1. May I ask you to give the solvent-accessible area per residue for region 68-115, in square angstrom, as obtained with a 1.4 angstrom probe?
2. Rg to Rh ratio, region 68-115, alpha-carbon atoms and Kirkwood radius?
3. Hey, rough spin-label estimate for Val32 and Lys103, points 7 angstrom out along Cα→Cβ, what's it come to in nanometres?
Amino acid sequence: DHPEVQEEIYRKDDRLLALLKDVYVESRDPPVRVKDGGGEHLPCKQEEKRLTKLGHLGDLDVKKVPKGKISIVEALMLLNNHKLHPQIWTAEKIAVEYSLELKDVNSLLEFFIPFTVQEFPKETKKAI
């Protein structure tokens with residue numbers, strides 16, 4: 001709004017231009033080093049594993065799983081055990097038996113339900 005301020009902003013200052021011409025900037029990137037990995041071995045975290053509890057289905061599944069995980073056959077077995085005997089195979093017992101977190105076992109029991117095979121009597125097959 002003030003013309004004198006605008007004039008001051010756009011006015012050339014020869015002293016500052018002379019100083020700016022004396023400035024020299026040189027920039028270099030540091031040399032890039034490629035790690036060859038030789039000699040430097042970082043220790044990897046060893047996963048703690050446990051033997052699976054497979055019973056008579058041992059030939060169908062893996063033999064060792066990391067703690068906190070279960071195999072497919074174990075999952076089916078524990079779901080079936082819980083379904084048949086919920087008083088014995090509680091979530092707490094399953095968590096201890098299979099080295100699992102209780103919250104994971106509760107989720108497993110809530111959201112995964114094993115299939116049941118039902119045979120219909122012969123007289124009702126025609127109705128279906």
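The values are calculated or read from the model by the stated rules, or taken from the named source; none is laboratory data. Just so we're clear, the structure is a prediction, and the values are computed from it rather than from any experiment. Heads up, the Cβs are rebuilt from the backbone with ideal geometry, glycines too, and the neighbour counts pull from every protein chain shown. Heavy atoms of the whole protein, side chains included, go into the accessibility calculation; ligands, DNA and RNA do not. Shrake-Rupley method; radii C 1.70, N 1.55, O 1.52, S 1.80 Å.
1. 67
2. 0.90
3. About 4.3 nm, to one decimal.
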